Each structure stands twice: as structure tokens, then as C-alpha cells.
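A.B. asks: Here it is, the structure in full.
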Amino acid sequence: MSESTNESDSGTTESAIDLQVKAGACLAHYGAVDVRVEGATLAFEYEGSLCSLRAVTLAPGLDVLTLTLVLAWDRPLKPQLHKRVAERNSALQFGSLSVIGHDKLADVIMRYTFPAAGLEDEAMATMLLLVLSGASRARQGLLP
């Protein structure tokens, strides 16, 4: 096995790590975010959303980027929240929203995973910014 396909227990290979570093550089280059490395994940904030980005190797040659964004947290768990999330979900082009309930409160999470191996910097930055801008629009109206 070559070094670029050596895999750890978490599914992260050297190619996935390289992809994650490249994605972080794309984000930083466009001034979109202040990127911090926290363990095996890049953490950042974008227009009020808490975000994480991680590259994972699903199979040899299939490295994906996974974005997870917390759009709203500790919102009252009411039917109106579910309705707003459903409306925003239908308008999203990239990603999906979920309501995660805890007691009488809920968090709204957005997730999006896409194959990113082989993308040039400009294409990767465009894809990341499309996801982030969709998250920014989806977040509107979820907060007081």
C-alpha cells in the first residue's frame, strides 16, 4: 500500500488529510472564515453558524468532504420550528437540515457531504462557498 492510501481507524488517509488541508486553504484564501484545526476537523464560524469540515476516505480513490453546520441552537421545540426547517430544506440546493431535540429545546443542523478528490482550488472554493451561502440563507428566520 502506498503512503497516500494508508488508513487510520477513523477512515482518514493521507489523501484525505491533504484534501482537508487544501479545503482549509481554499476557505482562508477567500477570506470566508477563520479556520482552526481541532483534532481531525477544521472548525470555523461563518455568518453566525458554527461549522466543521472533515475529509474522509470512503473507499480507495473516494475522498469526500463533510460539512456540518449548527445554524441555530436552544430554540423552543415547537411545530413552527419544524415548519421553518422544512421550508428551508426544500429551498436548499446543497445539504439538508435536521432538527435535533433535547428536552423542550432543539438545535438546527445542516450537513452536506460531497466527493472532492481531484477538484481544483477554484472549483473546491466555489463548492464550499455555495454550501456556506445556502446555510446563511437557511439560518435567516431561525433565530429571534
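A.B. asks: Scan region 107-129 for residues that are more than 11 Å from the chain's Cα centre (by Cα) and either charged (D, E, K, R) or closer than 18 Å to Arg88 by Cα (or both) and jot them down.
C.D. replies: The answer is Asp107, Val108, Glu120, Asp121, Glu122.
A.B. asks: Having 1 or more residues that are small (Gly, Ala, Ser) and either under 30 Å from Ser15 (Cα atoms) or free of Cβ contacts under 8 Å to residues at least 12 places away in the same chain (or both) is the bar; report the strands (runs of 3 or more DSSP E) wholly within region 42-144 that clear it.
C.D. replies: Per the criteria, 49-59, 96-102.
A.B. asks: Is it the case that Val131 is crowded, with 20+ Cβ neighbours inside 10 Å and either touching a Phe, Trp or Tyr at 6+ places or on another chain (Cβ under 9 Å) or among the small types (Gly, Ala, Ser) (or both)?
C.D. replies: Yes: the conditions hold for Val131.
A.B. asks: Read through the list (1) closer than 20 Å to Gly141 by Cα; (2) out of contact with any Gly (no Cβ under 6 Å at 6 or more places or on another chain), then give the number of the only condition that Leu65 fails.
C.D. replies: Every condition holds for Leu65 apart from (1).
A.B. asks: Turning to a different aspect of this structure: Of these, Ala106, Ala86, Ala116, which one is touching a strand residue (DSSP E or B) at 6+ places or on another chain (Cβ under 6 Å) and over 30 Å from Lys22 (Cβ atoms)?
C.D. replies: The match here is Ala106.
A.B. asks: Mind listing just one residue for me: the one in region 99-119 that is surrounded by fewer than 19 Cβ atoms within 10 Å (Cβ to Cβ) and touching a helix residue (DSSP H, G or I) at 6+ places or on another chain (Cβ under 8 Å) and, of those, farthest from Leu143 (Cα to Cα)?
C.D. replies: Among those residues, the one meeting the criterion is Ala117.
A.B. asks: So how many residues does region 1-47 have that are under 14 Å from Ala59 (Cα atoms) and at pLDDT below 55?
C.D. replies: Here the count works out to 8.
The values are calculated or read from the model by the stated rules, or taken from the named source; none is laboratory data. As the structure is a prediction and not an experimental result, all values here were calculated from the model. All Cβ positions, even for glycine, are placed from backbone atoms using ideal geometry, and neighbour counts span all protein chains on display.
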